[in-house]
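As structure tokens, the structure follows; a few thoughts come after it.
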Amino acid sequence: MPEPLCVLLLATLRRYSESMVSPPHILVLSDHIVNKIAAGEVVERPASVVKELMENAIDAGASQVDVEIVEGGRKLVAARDNGSGMSRDDALLSIERHATSKIRDVDDIERIATLGFRGEALAAIASVSRFRLITCARGETVGTEIRVTGGKLQDVRDIGAPAGASVEVRDLFFNVPVRRKFLRSQPTELSHLRGVFIVQALAHPDRGMSLRVDGAEICRLAAGSNLEDRIRELFGREYLSNLRPLRHEAGDVRISGHVSLPSMSRSDRTEQFIFVNGRATTAALIAYAIREGYHTLLAADRQPSVFLFVALDPGLVDVNAHPTKKEVRFRRPSEVRDAVVAAIRLALGSPGLQAVIRPEAWNGVPRAKPPAQIQLAIENLPAARAFQYPRLPPLGPAAGRPGGPETGGVSAGPDAATGVAGRATAPWSWCRVVGQIGGLYVLLETEDGFVVMDPHAAHERVLFERFMAEVTGRRVQTQGLLTPETVEFQPQDAQRVRKRLELLREMGFGLSEFGGDAFLVDALPTCLAEGSARAILIEIARSLEVAGPRGGKGRWQEEAIAQAACKSAFKARDKLNLAEIEKLVVDLALAEMPYTCPHGRPTLIFTSFHELNRRFGRE
């Protein structure tokens, strides 16, 4: 045998012999390690434990769920329920990975109707804590107690227990010091825990729930409640009075819940609660739909409070899109988006809307009476300007109100009560103009307090609703251009305009192709006549592309008309006479949404007599 060939053969034999004794690089992990890895996905912090335990209780049909927390969840997280409970065999299986009663085969994953379904939660929690489960099946006289420490089964025994389940999770992450070290302070972890409790309480208002923290009961919610009751219990009566009910059906999608009036907003989304088929979740599509629903009602940097329930066939939603089930995906997303936008718009603009600046005064709660305990006669002061609505028959002076119509006040008549847009109640039943301050703001006295009005913002709202009524009612007035304008688009924008040419003509645009990517514009809707034809058409085309024909049409209308209203409204420092202020007050009182301009800025700021009395120490 030639020498080089011998050398090659020896080298091959050596490598083969080494491979026989060297350990493989790829290993099958033990169940203990696998459970710890799974725990990292399912159990992020003590709040994750509360979520999983409460959802298990709800799935078990519990009508009462009691949660207990000690030391921010580090020492103890416990949940007790009166659900269906488990037999001994089921209890032992429940702490095994991928053991579940919620699904049977792969097809069930496409139609999940329960909150849990993967069978990972209890096994993951037990692998990183000192875990104790006591459960008894309904109708049985003897229950089962199971103890697990760090994923290792310690004890199983019979025990006397009521029907249901009790789970205690102690010393979370005791065997994963790195994870334990990354837990935040007790107040921070408690804040997350309370947040999860509130979410579950809102998702299931018919279930009784309680929360104990370090031995003190801080929340007890009655069973058999509805959503309004639950919101009132958790957030207060005043908070609820600033919400409007939400109810809408479109095809297979049913929307319900409550949304806040534009006068109540926040800088973040912490009070936006989204539920899909009873599951607390998020979806970028729904967040977009909420923004669209409040378009022209809130400033871009403000967020509404939302309690939104979306119900649809389980086969039309994928709840298995995220390891912790935080997000869902929809089979027909455009239907869900359009339904949410329509529901919000109907809630905020429907008959009976009573948008308020302060709920005690203007939203169905008994109104504060003006101070009557003292009257002062001050001489030599300028007389307060007052007027009566020029076109509305008076109802007569409100009982106990200063200055009825016979003394120069403004009393809203029957037309004011119903409103030209179908509103049930004007912002005030009586008011008078006191004067102007700061060269801009108008001061009004009402039966409940005083209002500071921004005439520019108020005029914007009035013009916006007037222009929108023309467009949506197909009463668009068209203004021909003295000189037709040739507009050259980028290729992608030209294609969007070309696709929607007939729709744009219906909207009042005189528009025709001029060759290549150019279009000839010879007319615009009158309310948009002051704008740039090119800028308006590009914005319309892009909105149609992003939001679809229906949503895009609504969006361009609102944005373009809001800009037109802004340009046409009174400006700061404009000189206004009393007749103009009178007309503005009347028109604003009859608007569908008189409390914000189309860009979301307030038109009115109200201060009640109750608040004045409180500040002056009279209450």
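Dividing the mean sequence gap of close Cα pairs (under 8 Å, 6+ apart) by how many residues the stretch 236-349 holds gives a relative contact order of 36 percent. Charge tally around Leu190: other residues with Cβ under 14 Å, Lys/Arg +1 each, Asp/Glu -1 each, net +2.
Projected label points at Val142 and Glu488, each 7 Å from Cα along the beta carbon direction, are separated by 9.1 nanometres. Rounded to a whole number, what is D in µm²/s for the stretch 254-295 from Stokes-Einstein with the Kirkwood radius over alpha-carbon pairs (25 °C, 0.890 mPa s)? The calculation lands on 213 µm²/s. The peptide list 509-519, 45-55, put in order of mean Cβ contacts within 10 Å with the highest first, becomes 45-55, 509-519. Ordering of 70-77, 291-298 by packing is 291-298, 70-77, highest average first (other Cβ atoms within 10 Å, averaged per residue).
Among rounded, prolate and oblate, which fits the stretch 145-195 when a ≥ b ≥ c are the square roots of the eigenvalues of its C-alpha gyration tensor, a/c under 1.5 means rounded, and a/b larger than b/c means prolate?
Values: a/c = 4.99, a/b = 1.57, b/c = 3.17.
Since a/c reaches 1.5 but b/c is at least a/b, the shape of the stretch 145-195 is classed as oblate.
Protection proxy ranking of 125-136, 478-489, by the mean of other Cβ atoms within 10 Å over each peptide's residues and highest first, is 125-136, 478-489.
We did not get these values from a lab; they are worked out from the coordinates using the rules stated. Just so you know, these numbers come straight off a predicted model, no measurement behind them. Cβ sites come from the backbone with ideal geometry, for glycine too, and all protein chains shown count toward neighbours.
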